[in-house]
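Student: Next up is a structure, given as structure tokens.
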Amino acid sequence: MGRLDGRVALITGAGSGIGRASAILFAGEGAKVAVVDRVPEGAQETVRMIRDAGVEAIFVEADVSKSSSVEQMVGATAGQFGRLDVIFNHAGIQGAIGLPTADITEEDFDLVINVNLKGVFFGCKYAIPLMLKQGGGAIINTASILGQAAMAGGTPYCISKAGIIQLTKQIASEYSRFNIRANCICPGLVRTPLIEPYFEVFRLDSIPIGRAATPEDIARVALFLASDDSAYITGAAVAVDGGCTAEAKLLLKG
Ligand SMILES: NC(=O)c1ccc[n+]([C@@H]2O[C@H](COP(=O)([O-])OP(=O)(O)OC[C@H]3O[C@@H](n4cnc5c(N)ncnc54)[C@H](O)[C@@H]3O)[C@@H](O)[C@H]2O)c1
């Protein structure tokens, strides 16, 4: 018996990295999965991988930064599968990294906030009414350890992730009494296409566990938060960071 038997899950950004790993894991635990992405190629490949394993999945093309697109994405999923039990608002971008705050353009700022923060807000906004009608659901949002601590040169990204943590708490406080749980995951360094161009600049020995996360490390926590195993957890920001945020970084000379 799977931990998500009979459930319907929607995952944004499921054409790559953590989103794809989660879609495959959720399907393996019995969920029917709506694989959402702005880019069809990767998402269609995710769908094929799930169907090859004998589980139902559909591709829904959506740009999470657009309200109407997210409304249509939720509607298409419910239209196909008849319900929506889990939404994993995972799609996100890094945007311009490396500029001090005063040098960031309004366009750079808006782009990251629109995809990362408004995208998660829209996902919640359109999933919650369905979940209320059904009598419950689970919301999982991808934040970051960079929503809890600053990174010089990453202002739009860090603000967007801090906003996701607070948005998750807002939703938990408003809807948990209606059996809708909302939690977010704060990954540290995960080896995915998102960070592959910069991967070599990270000192892996600065991570207490000594390695970057795999997409599956994060997907397993998403599964836990999606399933009844986490029935009494809501409003949490779960760090999945190999210990990065546990340790003060005061590096010694030599
Ligand atoms: N990789 C890391 O180290 C790390 C660390 C912390 C948080 N995260 C978060 O994980 C998420 C990214 O996941 P990943 O690392 O697997 O990256 P990824 O680049 O492999 O996957 C991101 C997916 O999101 C899709 N996407 C981007 N913009 C979209 C939009 N507007 N609408 C719909 N889909 C869109 C992309 O097409 C891509 O398939 C982001 O929210 C990111 O902030 C990643």
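Student: Checking the structure you have, find out if any residue of region 95-110 is assigned to a helix (DSSP H, G or I), within 14 Å of LYS161 (Cα to Cα), β-branched (Val, Ile, Thr) and in contact (Cβ under 8 Å) with a residue 40 or more places away in the chain.
Tutor: Within region 95-110 (the criterion being assigned to a helix (DSSP H, G or I), within 14 Å of LYS161 (Cα to Cα), β-branched (Val, Ile, Thr) and in contact (Cβ under 8 Å) with a residue 40 or more places away in the chain), the answer is no, since none of the residues qualifies.
Student: Okay, next question. For region 234-244, give me each residue that is over 17 Å from the mean Cα position of the chain (by Cα) and either among the polar types (S, T, N, Q) or in a loop (DSSP other than H, G, I, E, B) (or both). Steps first, answer last, please.
Tutor: Taking region 234-244 first, the residues over 17 Å from the mean Cα position of the chain (by Cα) are 242-244.
Across region 234-244, the qualifying residues are GLY242, GLY243.
Student: Any idea which residue in region 18-53 is surrounded by the fewest Cβ atoms within 10 Å (Cβ to Cβ), counting only those that are in a loop (DSSP other than H, G, I, E, B) and at pLDDT 95 or above?
Tutor: The initial filter retains those residues of region 18-53 that are in a loop (DSSP other than H, G, I, E, B), namely 29-31, 38-39, 53.
Cutting the leftovers down to at pLDDT 95 or above gives us 29-31, 38-39.
Working: GLU29: 18, GLY30: 16, ALA31: 30, ARG38: 20, VAL39: 12.
Checked region 18-53; the qualifying residue surrounded by the fewest Cβ atoms within 10 Å (Cβ to Cβ) is VAL39.
Student: Quick one: which of ALA150, ALA102, ALA143, ALA96 is more than 16 Å from the ligand (Cβ to nearest atom) and of a type in the set (A, V, I, L, M)?
Tutor: The unique qualifying residue is ALA102.
Student: Pick from region 33-45 the residues that are more than 16 Å from the chain's Cα centre (by Cα) and within 10 Å of the ligand (Cβ to nearest atom): which of them is nearest to ASN116 (Cα to Cα)?
Tutor: VAL39
Student: Looking only at region 204-224, count how many residues are of a type in the set (Lys, Arg) and either in a helix (DSSP H, G or I) or loosely packed, with under 11 Cβ neighbours inside 10 Å (or both).
Tutor: 1
Student: Something else about it: Examine region 107-128 for a residue that is away from the ligand (no atom under 16 Å from the Cβ) and either on the phi > 0 side of the Ramachandran plot or surrounded by fewer than 20 Cβ atoms within 10 Å (Cβ to Cβ) (or both), and state whether such a residue exists. Can you show your working first?
Tutor: Taking region 107-128 first, the residues away from the ligand (no atom under 16 Å from the Cβ) are 128.
Pick out the ones that are also either on the phi > 0 side of the Ramachandran plot or surrounded by fewer than 20 Cβ atoms within 10 Å (Cβ to Cβ) (or both) and you get none.
Within region 107-128, none of the residues are away from the ligand (no atom under 16 Å from the Cβ) and either on the phi > 0 side of the Ramachandran plot or surrounded by fewer than 20 Cβ atoms within 10 Å (Cβ to Cβ) (or both).
Student: Scan region 225-239 for residues that are surrounded by fewer than 17 Cβ atoms within 10 Å (Cβ to Cβ) and in contact with a helix residue (DSSP H, G or I) (Cβ under 9 Å, 6 or more places away or on another chain) and jot them down.
Tutor: ASP229, ILE233, GLY235
Student: Return the residues of region 155-189 that are within 12 Å of ALA143 (Cβ to Cβ), in contact with a strand residue (DSSP E or B) (Cβ under 9 Å, 6 or more places away or on another chain) and either away from the ligand (no atom under 16 Å from the Cβ) or hydrophobic (A, V, I, L, M, F, W, C) (or both); say none if nothing qualifies.
Tutor: ILE164, ILE165, LEU167, LYS169, ALA182, CYS184, ILE185, CYS186
Student: Can you run down the residue pairs with Cβ atoms below 8 Å, 6 or more apart or on separate chains, where the first is in region 13-41 and in contact (Cβ under 8 Å) with a residue 12 or more places away in the chain and the partner is near the ligand (Cβ under 6 Å from one of its atoms) and among the acidic types (Asp, Glu)?
Tutor: Cβ pairs passing all conditions: GLY13/ASP37; ALA14/ASP37; GLY15/ASP37; SER16/ASP37; GLY19/ASP37; ARG38/ASP63.
Student: Which residues, taken from region 123-139, are assigned to a helix (DSSP H, G or I) and among the small types (Gly, Ala, Ser)?
Tutor: Scanning region 123-139 gives GLY123, ALA127.
Student: Tell me, yes or no, whether region 101-113 has at least one residue that is under 20 Å from the mean Cα position of the chain (by Cα) and over 23 Å from THR155 (Cα atoms).
Tutor: no
Student: Surrounded by fewer than 22 Cβ atoms within 10 Å (Cβ to Cβ) and in contact with a Phe, Trp or Tyr (Cβ under 7 Å, 6 or more places away or on another chain) - does that describe any residue in region 70-93?
Tutor: Yes - at least one qualifying residue is present in region 70-93.
Student: May I pose another question? Give all pairs with beta carbons closer than 7 Å in which a residue from region 151-172 that is within 20 Å of ILE233 (Cβ to Cβ) and without any contact (Cβ under 8 Å) to a residue 40 or more places away in the chain meets a residue that is more than 12 Å from the ligand (Cβ to nearest atom) and outside any helix (DSSP H, G or I); count only pairs at least 6 apart in sequence or on separate chains.
Tutor: Note: no pairs meet the criteria.
Student: Another question about this same structure. Can you tell me which residue in region 1-25 is nearest to the ligand (Cβ to nearest atom), limited to those that are of a type outside the set (Gly, Ala, Ser) and more than 15 Å from PHE59 (Cα to Cα)? Show your work before the answer.
Tutor: Step one: list which residues in region 1-25 are of a type outside the set (Gly, Ala, Ser), which gives 1, 3-5, 7-8, 10-12, 18, 20, 24-25.
So of that shortlist, the ones also more than 15 Å from PHE59 (Cα to Cα) come out as 1, 3-5, 7, 18, 25.
On the way: MET1: 28, ARG3: 22, LEU4: 20, ASP5: 26, ARG7: 22, ILE18: 4, LEU25: 13 Å.
Within region 1-25, the match that is nearest to the ligand (Cβ to nearest atom) is ILE18.
The values are calculated or read from the model by the stated rules, or taken from the named source; none is laboratory data. Computed from a predicted model, the values in this text were never measured in an experiment. Methodologically, a virtual Cβ is constructed for each residue, glycine included, from the backbone with ideal geometry; neighbour enumeration extends over all protein chains shown.
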